[in-house]
Amino acid sequence: YSTAITITVAAASTLDDDILTMAQRKGPFRLVTVNTAPERAKRLIGRLIEALKDDYDIEHVDNCESIDEVVPKVTQHKPNVLFCASMWTPEEAEKIQSLARSIVPDIKTHAIPTGLQVRDGPDAIVNYLVEKVPPLLDS
């Protein structure tokens with residue numbers, strides 16, 4: 001009997017830890033990206049979501065391949081977060097963020113610095129986002 005009781009207590013303790021972890025995760029955050037390379041966006045955001053999964057509930061709901069897609073996709077999905085990829089100039093990124101805010105005024109937005117992907121590669125993008133995204137989501 002003592003073995004069965006020990007297993008039951010251990011299982012209950014693990015369940016409590018899981019419930020506590022879920023209660024402490026922040027979100028859900030519905031993310032739309034604006035990136036002309038949708039497969040790369042999906043892959044890199046997947047790595048970001050994996051890196052932050054213990055603390056944040058992030059769902060990548062869609063990607064806009066052009067500035068023209070921002071208004072319809074933000075209107076459709078009503079995300080609470082939008083990221084601009086590094087291929088956009090600062091002026092384009094500001095336009096994208098402004099368009100998103102015209103639909104969802106309190107959307108959290110971030111533009112990855114222009115040229116970061118080309119200059120430093122995909123790992124640099126993921127590392128950059130892992131550093132920058134938590135303070136953005138916590139704001």
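Observations
- Close pairs (7 angstrom Cβ cut-off, 6 or more residues apart or separate chains): surrounded by 13 or more Cβ atoms within 10 Å (Cβ to Cβ) in the range 105-129, acidic (Asp, Glu) and not in a helix (DSSP H, G or I) anywhere: none
- Residue in the range 48-76 that is surrounded by the fewest Cβ atoms within 10 Å (Cβ to Cβ), counting only those that are within 21 Å of Val130 (Cα to Cα), without any contact (Cβ under 8 Å) to a residue 40 or more places away in the chain and of a type in the set (Asp, Glu): Asp54
- Scanning the range 95-104 for residues that are among the charged types (D, E, K, R) and either crowded, with 18+ Cβ neighbours inside 10 Å or out of contact with any strand residue (DSSP E or B) (no Cβ under 8 Å at 6 or more places or on another chain) (or both) returns a single hit, Lys95.
- Here is the figure for the range 106-136: residues that are among the hydrophobic types (A, V, I, L, M, F, W, C) and farther than 12 Å from Met87 by Cβ total 7.
- Members of the range 17-44 found to be at pLDDT 55 or above, farther than 17 Å from Gln97 by Cβ and part of a helix (DSSP H, G or I), listed by number: Ala23, Gln24, Pro38, Glu39, Arg40, Lys42, Arg43, Leu44
- In this structure, Pro79 does not satisfy being surrounded by fewer than 13 Cβ atoms within 10 Å (Cβ to Cβ) and modelled with pLDDT of 95 or more.
- Within the range 49-61, none of the residues are part of a helix (DSSP H, G or I) and over 21 Å from Pro28 (Cβ atoms).
The values are calculated or read from the model by the stated rules, or taken from the named source; none is laboratory data. This structure is a prediction, so every number in the text was calculated from the model and none was measured. As a convention, Cβ positions derive from the backbone with ideal geometry for all residues, glycine included, and neighbour counts pool all protein chains shown.
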